[in-house]
Amino acid sequence: MIDHLLALTAGIMVAASVYGLIPTALKLSNLFVLCCGVLLGVLTLGVLEQYLPHVHINHSKTGGRLDAKSFLLIMSMSLHNLPEGSSIGVSYASQVESLGNVVAFRKRMVMDTKKWPHSHLSLDF
């Protein structure tokens, strides 16, 4: 199960880069700069993987299964973030040009005021 979740998240990140970041980079620059940036990123991650101390998780110990608490945590976080992420995604996909930025900014403001309940920022627009 853990391996499947890791594969899913890796696929989502690859899709985000292919469909979002790479076309934008090509619009702002050219193919040579894009290739240099991707190669620099690959080299950086390779060096970090080689020289930074880290722990490799042995998935065979647990049989690749999540315990009940981990599954509950993952599901609750997913259910909590799904409506907010969907609203931001739909607002970016709408015909109104700046609606996505407004909704994302509003979400960030709400998150900041939840951290500091006595904030001087007013959310009444």
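FYI, it's all coordinate maths here, none of it is from the lab. None of the values given here were measured: they were computed from a predicted structure. Neighbour counts are summed over all protein chains in view; Cβ atoms, including those assigned to glycine, are modelled from backbone coordinates with ideal geometry.
Quick check: anything in segment 51-65 in contact with a Leu (Cβ under 8 Å, 6 or more places away or on another chain), at negative phi and surrounded by 10 or more Cβ atoms within 10 Å (Cβ to Cβ)? No, segment 51-65 contains no residue that is in contact with a Leu (Cβ under 8 Å, 6 or more places away or on another chain), at negative phi and surrounded by 10 or more Cβ atoms within 10 Å (Cβ to Cβ).
For every residue, the table says whether it meets (1) assigned to a loop (DSSP other than H, G, I, E, B); (2) surrounded by fewer than 10 Cβ atoms within 10 Å (Cβ to Cβ); (3) touching a residue at least 60 places away in the same chain (Cβ under 8 Å); (4) out of contact with any His (no Cβ under 8 Å at 6 or more places or on another chain).
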residue	(1), (2), (3), (4)
ASP3	no, yes, yes, no
ALA10	no, no, no, yes
ILE22	no, no, no, yes
PHE32	no, yes, no, yes
LEU39	no, no, no, yes
LEU45	no, no, no, yes
